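As structure tokens, the structure follows; a few thoughts come after it.
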Amino acid sequence: MSAPKRSGAIRKSKKGPSVGTGGYGRKALEGKGPTPKAEDRTYHKAYRSKELGERAAAKRVPAGKGAPRGRTGGRAKNAEEMVTGRNSVVEALRANIPVKAMYVAIRVDVDDRVRESLKIAAERNIPVMETGKPELDRMTDDAIHQGLVLQIPPYEYKDAIEHAESILSKSAKGHISNAPLFVALDGITDPRNLGAIIRSVSAFSGHSVIVPERRSVGLTASAWKTSAGAAVRVPVTRATNLTAALKELKRMGVYVVGLDGDGDVSLPGLELATEPICIVVGSEGKGLSRLVRETCDQIVSIPIDSAMESLNASMAVGITLYEISRRRSV
């Protein structure tokens, strides 16, 4: 007895002509292009691995360099800096630079610099971590660290306009004795120049240093050291666009004065010294950029004896701030 046939188990072949698809079948066969790589498919584990790798890379900073010179936007502006080497570490600690942690190599060869660094770290309650040399090499991208490394937290920049508004408000209410005084940097990339300018602003009762977000130096360990502690007292504020920030300061009643060797006004004749004022200084090589120069209310020059000589940015700012302070005290 043969087994009964199951319904649907056998397909009958069609004979004769069949109705076409009108081209839809051919289009369906064309597909949607090549298959994406596994790391580009959001549901694939390779995508997650790539994402984690990118995040880890974003946290890595070249040792002893901090944010790349001339770039402060994006990831770099919030990066932590690693100070490496015994001389650099002990000098940074002596300058009272903010420190997140100090790393010391296991079985490090102790000398006077290491002893002093450990002493200052203990006095300031800085966490000290004993770390193997391979880990220190990895943390510092194989920089010469001599078994001693400082981790510097990123500087928290205030918004330039918000801070200026606060200072102008305090001035209007009589909460500060001298007229608002700001210094803006146009294309300054040397951290030592920034540190020296901060020191001068502090010495002559200025209220902030304004740096643009792009193509400008940030407050690195080198700038902290050069400021000799003044960076604790004078905030460094940031402007997304320097020209736009200067225009906003003018709208708020602040006079904007640029420093340049070809100025219309000689520094001793600066009549705006007693008003709310922002001094703008450019780089030693290029000077003020065109848009910044056009935004200034006045361009002021500092008279010097020889046409062959020029002043660097920090020296020019120091002389100008002294003259402003002198005229305000008259």
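The values are calculated or read from the model by the stated rules, or taken from the named source; none is laboratory data. Being a predicted model, the structure only gives us computed values, none of them experimental. Note that we place each Cβ from the backbone using ideal geometry, even for glycine, and neighbour counts take in every protein chain shown.
Quick notes
- In the set V281, V232, only one residue is under 19 Å from the mean Cα position of the chain (by Cα) and closer than 15 Å to L185 by Cα; that residue is V281.
- Condition met for A231 (over 16 Å from V280 (Cα atoms) and surrounded by 23 or more Cβ atoms within 10 Å (Cβ to Cβ)): yes
- Taking each residue of segment 231-242 that is farther than 14 Å from F204 by Cα and looking for partners that are in a loop (DSSP other than H, G, I, E, B) and of a type in the set (D, E) with beta-carbon atoms closer than 9 Å, six or more apart or interchain, yields R238/E213; A239/E213; T240/E213; N241/E213; L242/E213.
- The set of residues in segment 177-211 being farther than 17 Å from V232 by Cα and touching a residue at least 24 places away in the same chain (Cβ under 8 Å) consists of N178, A179, P180, L181, A184, L185, D186, G187, I188, T189, D190.
- Just one residue in the set S222, S171 is modelled with pLDDT under 95 and within 14 Å of P276 (Cβ to Cβ); that residue is S171.
- Within segment 149-177, tally of residues that are under 26 Å from T220 (Cβ atoms) and in a helix (DSSP H, G or I): 7
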